[in-house]
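Colleague: Structure incoming, see below.
The values are calculated or read from the model by the stated rules, or taken from the named source; none is laboratory data. Predicted model only: the values in this text are computed from it and were never measured. All Cβ positions, glycine included, derive from the backbone under ideal geometry; neighbour counts span all protein chains shown.
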Amino acid sequence: MNILYKIRGLLRMAIGIKTVLIVFILVAFVSQNCDAKRSYKIVILPFKDYAQMNMEEVVPDALRSMFTQTGYFEPIDREIIYEKVSTVTLSEDINVDNITSSGGAWSADQVDAGAKLNTKTVKKFGRQLKSDYVLKGNISLIGSSLRIDAEIVGVKEKETLGFVAVEGNPEELSTSILKELSVKITNFCRERNAYDDALSIIGLYNQGQYTFDVSEKKLREILSITGDAIGIRASLIVLYLTRTSKEENSSLEDKILGEGVMVLRRLDQNFDEKVLEVFLTSGFDPFDEMAKIYTKRGDYNKAIDVYKKTLSVYPMNIAGRYKELGLLYLNSGSEDEAIQAFEKSLEKHKGSYEINFVLVEIFERRNQPDKVKKHLKECVRYARNIDEIKAAKGKLDKLNP
């Protein structure tokens, strides 16, 4: 009983210094700024206080202040929530009205009703406030520990997005517990929005609103939260390629190769095409660029490995990849492999004058006139100009004196 009495005393003290608590948290949390493409609007409902320490609004108020400091969330003001909630039926039997009659504070009955909101009603409430998320939760004492549970509801999603919980000594409410809760909630949402935010960063860089250094920093911040995420690494590659397309930079080329290797390592045949959408919209073929860097450095084997891997997991421009693979084999002295690659390229796009002419030269060296004639006829058929027609017909005439 003495321990419980002490805990409740501490919590009452926390309530008494509510404003100081929030200011302290904001100062401690300001270093956690995390810009995104835009702020996400969030409604924070009062938390059900099973500890019966009148903490229903201490936690939401602290979270609102902390979320504002991150720059990632735009919390809906408490006053606006009070104005709107009266128009929403919180449950089948309870319709909250006169919400501001007690100086803008939630009554115990209203908090109880809010805690019982089903997901459908929460979303309706969130839509009325034009928010992206709604946060609700509860506070409880487990032995001598204070526990806060939060439920994150996506207004546009079909179901609850997830749950976050923190626990600690009541003395750590201001220094640890609330900060940990806000970080967990922010990181959870940032991870869900990571790819959209990454695409926005690339867009802002291309528009000149972000510098290269700022863009790279922001993308790496997202990567640190999402872990080994393919889409974020792909965005970094596009950022580096955009820069190297304007100026040669060996250190950026190293970064392109490093991120590209990580992407290829993670890709399989069942990857979500959305995560590489940034490649399609950028105008770059990153894997082709990787192979070109390796080729420029004389590392043909690694360039070949890049094409072989991408052909199995990233079926874009297949004919072009087989063509480049064939040229690499040819330059490295692997003529048989080159022929196989060229033939596979022609299976996908038989109207390539260049590949047919390369095969003509290979089969001439091998003294295989039938194959020479076959590909010369293809050259004539798919020639792009008079000079190409003359070159192919000239060789054909020599075969048919």
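Colleague: Regarding Glu347, is this residue acidic (Asp, Glu) and surrounded by 14 or more Cβ atoms within 10 Å (Cβ to Cβ)?
Modeller: Taking the combined requirement at face value, the residue does not satisfy it.
Colleague: Let me ask you something else. Please work out which residue is farthest from the chain's Cα centre (by Cα), limiting yourself to the stretch 230-239 and to residues that are over 20 Å from Lys302 (Cα atoms) and without any contact (Cβ under 8 Å) to a residue 40 or more places away in the chain.
Modeller: If we take residues in the stretch 230-239 being over 20 Å from Lys302 (Cα atoms) and without any contact (Cβ under 8 Å) to a residue 40 or more places away in the chain, then Leu239 is farthest from the chain's Cα centre (by Cα).
Colleague: Would you please name the residue that is nearest to Gly126 (Cα to Cα), looking only at residues in the stretch 32-42 that are surrounded by 19 or more Cβ atoms within 10 Å (Cβ to Cβ) and modelled with pLDDT of 85 or more?
Modeller: Our first condition is that a residue be surrounded by 19 or more Cβ atoms within 10 Å (Cβ to Cβ); within the stretch 32-42, this holds for 36, 40, 42.
Filter again for modelled with pLDDT of 85 or more, leaving 40, 42.
On the way: Tyr40: 12, Ile42: 8 Å.
Going through the qualifying residues, I end up with Ile42.
Colleague: On to the next question. Being more than 18 Å from Phe67 (Cβ to Cβ), assigned to a loop (DSSP other than H, G, I, E, B) and without any contact (Cβ under 8 Å) to a residue 60 or more places away in the chain is the filter here; which residues of the stretch 144-179 pass it?
Modeller: Lys156, Glu157, Lys158, Glu159, Asn169
Colleague: Select from the stretch 308-317 the residues that are part of a helix (DSSP H, G or I) and surrounded by fewer than 23 Cβ atoms within 10 Å (Cβ to Cβ) and list them in ascending order.
Modeller: Hits for the stretch 308-317 are Lys308, Lys309, Leu311, Ser312, Val313.
Colleague: Just to confirm my filter: which helices (runs of 4 or more DSSP H) fall fully inside the stretch 43-128 and include at least 2 residues that are farther than 19 Å from Glu180 by Cα and at pLDDT 75 or above?
Modeller: Ranges flagged: 78-85, 119-128.
Colleague: Only one of (1) part of a helix (DSSP H, G or I); (2) of a type outside the set (A, V, I, L, M); (3) free of Cβ contacts under 8 Å to residues at least 24 places away in the same chain fails for Glu248. Which number is that?
Modeller: (1)
Colleague: All but one of (1) outside the structural domain of Gly227 (by TED's automatic domain parsing); (2) touching a helix residue (DSSP H, G or I) at 6+ places or on another chain (Cβ under 8 Å); (3) at pLDDT 90 or above; (4) hydrophobic (A, V, I, L, M, F, W, C) hold for Phe163; which doesn't?
Modeller: In the conditions (1) outside the structural domain of Gly227 (by TED's automatic domain parsing); (2) touching a helix residue (DSSP H, G or I) at 6+ places or on another chain (Cβ under 8 Å); (3) at pLDDT 90 or above; (4) hydrophobic (A, V, I, L, M, F, W, C), Phe163 misses (2) alone.
Colleague: Another question, if that's okay. Could you go through the stretch 278-295 and let me know if any residue there is loosely packed, with under 15 Cβ neighbours inside 10 Å and farther than 20 Å from Leu239 by Cβ. First the steps, then the outcome.
Modeller: First, the residues of the stretch 278-295 that are loosely packed, with under 15 Cβ neighbours inside 10 Å: 280-281, 283.
Restricting the remaining residues to those that are farther than 20 Å from Leu239 by Cβ gives none.
No - not one qualifying residue is present in the stretch 278-295.
Colleague: Would you check if Gly394 is among the small types (Gly, Ala, Ser), under 29 Å from Arg266 (Cα atoms) and surrounded by fewer than 21 Cβ atoms within 10 Å (Cβ to Cβ)?
Modeller: Considered against the rule, which asks whether it is among the small types (Gly, Ala, Ser), under 29 Å from Arg266 (Cα atoms) and surrounded by fewer than 21 Cβ atoms within 10 Å (Cβ to Cβ), Gly394 comes out as no.
Colleague: So, one more: Just for the stretch 301-338: of the residues that are over 32 Å from the mean Cα position of the chain (by Cα) and hydroxyl-bearing (Ser, Thr, Tyr), which one is farthest from Phe284 (Cα to Cα)?
Modeller: Of everything passing the filter in the stretch 301-338, Ser334 is farthest from Phe284 (Cα to Cα).
Colleague: Further question on the same structure: On the given criteria, is Phe29 crowded, with 20+ Cβ neighbours inside 10 Å, in a helix (DSSP H, G or I) and either of a type in the set (Ser, Thr, Tyr) or modelled with pLDDT under 85 (or both)?
Modeller: Yes, satisfied.
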